[in-house]
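To start, the structure under review is shown below, and the notes come after it.
The values are calculated or read from the model by the stated rules, or taken from the named source; none is laboratory data. From a predicted model like this one, the values you see are computed outputs, not experimental measurements. All Cβ positions, even for glycine, are placed from backbone atoms using ideal geometry, and neighbour counts span all protein chains on display.
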Amino acid sequence: MILTNDPSITAWGYAVVNWDGDIQTAGCIKTKPEHKKRRIRKGDDTVRRIAELNSQLIDILEAYPVEYMLSELPHGSQSASAALMIGVVTGIIQTLSDTQNIGIEWYSENDVKQCLFNRKQVTKQDMVTRIDGLYSVPWTDVKYKDEAIADALGVYHTATQRSNALQLVKMQGNKQVKIQ
């Protein structure tokens with residue numbers, strides 16, 4: 001099983017895909033800032049949101065025998081707050097990889113757009129439409145969730161085309177089937 005991610009502290013898209021490309025589950029983990037409502041410091045609220053993400057991602061890893069992970073690598077930002085969140089989500093997925101001893105590959109948003117569309121300018125709806133044409137996706141009919149799921153599956157699709165590690169595993173799997 002492969003866990004593929006579009007990491008974000010606000011709407012973390014994910015999918016678990018088996019080695020044959022069948023989607024086992026897909027979804028979006030949503031967290032909201034609540035520091036004002038809870039009357040806590042913004043930093044404490046960020047830690048609460050990190051704990052929510054960690055808990056749900058660990059539940060996914062416990063529910064599915066994930067052997068490999070893929071992720072979009074978050075990129076540039078215009079604000080210090082957004083830059084902090086980029087570091088947070090990158091740290092979450094890398095820490096899960098390290099602590100669970102699961103290999104990971106990172107792809108940029110541009111890698112995905114180039115692989116799927118051969119251009120950099122792509123709308124969220126373009127991505128959903130393309131992924132819908134490639135995979136049988138359990139869509140939620142909630143726009144932001146489906147966009148996050150499509151982005152996570154875009155990372156998966158890019159890896160199937162460009163990852164030497166995935167190609168090697170597939171080749172080994174095919175040899176094992178032939179030997180039996």
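The combined condition, being among the hydroxyl-bearing types (Ser, Thr, Tyr) and within 16 Å of the chain's Cα centre (by Cα), is fulfilled by residue 160.
When you check residue 77 against the structure, is it out of contact with any Ser or Thr (no Cβ under 8 Å at 6 or more places or on another chain), surrounded by 12 or more Cβ atoms within 10 Å (Cβ to Cβ) and modelled with pLDDT under 95, yes or no?
Yes, satisfied.
Confirm whether residue 116 is modelled with pLDDT of 95 or more, surrounded by 12 or more Cβ atoms within 10 Å (Cβ to Cβ), in contact with a Gly (Cβ under 7 Å, 6 or more places away or on another chain) and more than 17 Å from residue 13 (Cα to Cα). For residue 116, the condition - modelled with pLDDT of 95 or more, surrounded by 12 or more Cβ atoms within 10 Å (Cβ to Cβ), in contact with a Gly (Cβ under 7 Å, 6 or more places away or on another chain) and more than 17 Å from residue 13 (Cα to Cα) - is met.
Take residue 99 and decide whether it is loosely packed, with under 15 Cβ neighbours inside 10 Å and in contact (Cβ under 8 Å) with a residue 40 or more places away in the chain. Criteria not met by residue 99.
Test residue 1 against the criterion of being out of contact with any Phe, Trp or Tyr (no Cβ under 7 Å at 6 or more places or on another chain) and among the hydrophobic types (A, V, I, L, M, F, W, C), and give yes or no. Judged against the criteria, residue 1 is not a match. Based on what the data block shows, is residue 166 surrounded by 17 or more Cβ atoms within 10 Å (Cβ to Cβ) and modelled with pLDDT under 90? For residue 166, the condition - surrounded by 17 or more Cβ atoms within 10 Å (Cβ to Cβ) and modelled with pLDDT under 90 - is met.
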